[in-house]
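Some notes on the structure that comes next.
What follows is calculated from the coordinates using simple rules that are stated; it is not laboratory data. What you see is a predicted model, and the numbers here were worked out from it, not measured in a lab. Backbone-built Cβ (ideal geometry, glycine too); neighbour counts: all protein chains shown.
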Amino acid sequence: MEIRKVQITGGSSYVVTLPKDWAQSHKIKKNDPLGMIVQGDGTLLVTKDIHEKPIQRTKRIDVTAIHDPTYLFRLLIGTYIAGFTTIEVFSKTRLPPSIGMIVRDFTQMTIGPEVVEETDNQIILKDLLNPMEMPFNNTIKRMFVIVKNMYLDVMSAMESGNRRLADEIICRDSDVDRLHWLIARQTNIVLKNPELGRRMAVSTNMVMNSLIISRIIERIGDHAVRWAENARRISDRKLDPAVLTRMKSASTLALSIFDRSIVSYFKSDIRESHANIEQVTKLEELCEEMNTLAMDQEPEVAIALRYIAESIRRSGEYAGDISETVINYLVEEKI
């Protein structure tokens, strides 16, 4: 850190000289205008960019030697999350059809990127989404609603033995993933462009907590999928009503913890967050009772029921983690 003394000129103007190396590296000359942005923590950001244009970043991916489609898909997702606005997929030879299929799967699984140019050996994607149009809290709400409905429907599938409904629940997980990837992407964009965060009225702490909560909701969604997968395995079996009753009680409590965690987040209610965490112990007891009842079932059914109990328990615990995250955030920001 360089330490520079503040000087006063003209009796009222406070002046601090700029580091010479920084000024030269950015080609700053006499009378050039500079932007100054006051950050939420009181620091002052000095920037040469005074036009507030979105930062444009390009990533080129050479797929000449890439033959694993899963690897390429993960590269594309990583590039997307990193915040690149243009992705150029190219090959030294003609692009095989499989590459085009992966690129199109990627555009369908993400929000914003679209193919804008394509030749025999190159595909160019551009992000057409303005980050300002997708506030963090709106995305969190959408994720919550999708995952909550997944849990409500999977319990219905268990009670009715509806295998088709279980299949449909599993498909919804991709909607949760794409929203989580969007939040991860916007987090990186805002951290690289503090001015964008100012215009979106979000602090660095808020952005990071949104990412943490988004990740937790995505994991809760994963457990809804595991529950649905196990429900399919035993959809043709008649279950003990006592097991279903205990499962429904545990699921209802887990959803209540999940719901209260999100409500306390949006209401900035630290006491409600604390009270919510206390409910996790009761949920663990219900899931243990469910496990005990499952032991009286035939082995295949018992194993599936134990996996389901584990998913319900983990979902409630993850929801409790959201409340802990809310407390940690509010202690620093609100108290």
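Length gained on full extension, I55 to H67: 1.1 nm, using 0.36 nm per residue less the C-alpha separation. The angle between the Cα long axis of helix 69-82 and the main principal axis of the chain comes to about 50°, on a 0 to 90 degree scale. Projecting label points 7 angstrom from Cα along Cα→Cβ for R178 and V15 puts them 5.6 nm apart. Over all Cα atoms in segment 7-47, the spread is summed up by Rg and Dmax: 12.1, 32 Å.
Principal axis extents of the Cα atoms in segment 220-335, from largest to smallest and rounded to whole angstrom, are 54, 22, 15. Averaging 1/r over every pair of different alpha carbons in the chain and inverting the result gives a Kirkwood radius of 23.4 Å. Projected label points at T119 and T281, each 7 Å from Cα along the beta carbon direction, are separated by 6.7 nanometres. What share of Cα pairs, in percent, lie more than 28 angstrom apart in segment 1-158? When all Cα pairs of segment 1-158 are counted, 52 percent exceed 28 Å.
Ranked highest first by average number of other Cβ atoms within 10 Å, how do 215-225, 186-196, 96-106, 2-12 line up? Mind dumping the intermediate values first?
Numbers: 215-225: 22.5, 186-196: 19.5, 96-106: 15.5, 2-12: 7.2.
So the peptides 215-225, 186-196, 96-106, 2-12, ranked by packing, come out 215-225, 186-196, 96-106, 2-12.
For a Förster distance of 35 Å, can you work out the FRET efficiency between the beta-carbons of R4 and F266, rounded to the nearest 0.05? Step by step, r from the Cβ atoms, then E = 0.25. Taking every alpha-carbon pair under 8 Å whose residues sit at least 6 apart, the chain reaches a relative contact order of 14 percent.
Considering only Cα-Cα distances, which of the following residue pairs are longer than 19 Å: K59/K192; K48/K192; K141/K192; K59/K141; K20/K48?
On the way: K59/K192 16 Å; K48/K192 15 Å; K141/K192 25 Å; K59/K141 31 Å; K20/K48 14 Å.
Checking Cα-Cα distances, K141/K192; K59/K141 exceed 19 Å.
Based on the Kirkwood approach, the hydrodynamic radius assigned to segment 58-129 is 11.9 Å, with every pair of different Cα atoms included. Cα extents for segment 136-261 along the principal axes, largest to smallest and rounded to whole angstrom: 59, 25, 15. The local environment of I99, defined by Cβ-Cβ distances under 12 Å, has a net charge of -3 under the rule Lys, Arg +1 and Asp, Glu -1. Could you list the residues of segment 172-194 with an amide nitrogen less than 20 Å from a label point located 7 Å from the Cα of S160 in the Cα-to-C-beta direction? Only 172-173 pass the distance filter.
Calculate, in nm to one decimal, what R199 and N328 gain on full extension: separation in residues at 0.36 nm each, minus their alpha carbon distance.
Result: 44.0 nm gained on full extension.
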